[in-house]
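Worksheet: the structure to be examined is printed underneath.
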Amino acid sequence: MAFLDIMIGPLALADWLSWFCLIIGAFFLITGTLGIVRLPDVFSRMHGAGMVDTLGIMLMLIGLMFQAEEWIVVAKLGLILMFIFFTSPTTTFALARAAINGGINPGPKKAGRSVDIQDKKSKDAKVEHKKQGTTSSNT
Amino acid sequence: MTIAGLTISMFDIAMIAVLVSMALSLFRAFVGPTVFDRILAVNVTGTLTVLLISIYGFLDGRPDFLDIGLLYALINFIGTIAVTKYVKYQDLGDPLEGPDEGDV
């Protein structure tokens, strides 16, 4: 497109836009992965992964689009972008559901629903244990 | 842009940022206390690999690498879903206990 070739200072407009998108995208990539390293549990680390998958990757790919010389390259970058846009929430959803079913407790320890379920389970286990004890003693 | 005699393009800076992020997420994949931390970190590393392949294509002047990046994105998604299902059910086959049992 013609207006992307307008020279502003030392660089063309497309180069300015590329620099802007790549620098902001790099900032979000490093911030998101620092969140993956630093945050306390799986569910908050998913927030960091979401930062990487949305703002980081997407700004980087849009920044690369301004440097493409053919339209097919822009189309391929757009395909990658759309694919990551749809698969990243799906993966995070499946992983969160697997983590909850796998026994990881979201939220603080003395509040929330999963703690109640755990307490009920432990009470039921105690009751069963008592029943088994009485039956075994009776027999 | 030229700094101290070295010409630095925008792809160099993007490549350095992606490599630093991959190192950080691989650290979490090695250290992670639960298996879900490892799956999450490996998924992020795979997504960053797509970006790494794309940027390398631009750096080398051969944007045909984008095809490989697109394929890698597909395989990364399927692999993550498969590993998540395997961790949850210890099986990758069809569900035996009703239609809703095998959903991830």
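For A:Leu4, state whether it is of a type in the set (A, V, I, L, M, F, W, C) and either crowded, with 17+ Cβ neighbours inside 10 Å or at pLDDT 90 or above (or both). When the stated conditions are applied, A:Leu4 does not pass them. The set of residues in region A:1-47 being out of contact with any helix residue (DSSP H, G or I) (no Cβ under 6 Å at 6 or more places or on another chain) and not hydrophobic (A, V, I, L, M, F, W, C) consists of A:Asp5, A:Gly9, A:Pro10, A:Asp15, A:Thr31, A:Arg38, A:Pro40, A:Asp41, A:Ser44, A:His47. Summed over region B:21-63, the residues that are within 29 Å of A:Ile104 (Cα to Cα) and not aromatic (Phe, Trp, Tyr) give a count of 26. In region A:1-93, counting only helices (runs of 4 or more DSSP H) that sit wholly within it, the ones holding 1 or more residues that are more than 26 Å from the chain's Cα centre (by Cα) and more than 30 Å from B:Lys85 (Cβ to Cβ) span A:13-38.
Could you check region B:36-73 and list, in sequence order, the residues that are more than 8 Å from every other protein chain (Cβ to nearest Cβ) and β-branched (Val, Ile, Thr)?
B:Val42, B:Thr45, B:Thr49, B:Ile53, B:Ile68
Considering only residues in region B:19-34 that are more than 7 Å from every other protein chain (Cβ to nearest Cβ) and surrounded by fewer than 16 Cβ atoms within 10 Å (Cβ to Cβ), the one that is farthest from A:Met60 (Cα to Cα) turns out to be B:Pro33. Restricting A:Ala75, A:Ala68 to those that are surrounded by fewer than 19 Cβ atoms within 10 Å (Cβ to Cβ), within 26 Å of A:Ala12 (Cα to Cα) and within 7 Å of chain B (Cβ to nearest Cβ) reduces the list to A:Ala68. Among B:Asp12, B:Asp37, which is open to solvent by 20 Å² or more (accessible area, probe 1.4 Å) and among the acidic types (Asp, Glu)? The unique qualifying residue is B:Asp12.
The values are calculated or read from the model by the stated rules, or taken from the named source; none is laboratory data. The shown structure was predicted, so the numbers you read here are calculated from the model rather than taken from an experiment. All Cβ positions, glycine included, derive from the backbone under ideal geometry; neighbour counts span all protein chains shown. Areas reflect the complete protein model, heavy atoms only, side chains present, ligands, DNA and RNA absent. Shrake-Rupley method; radii C 1.70, N 1.55, O 1.52, S 1.80 Å.
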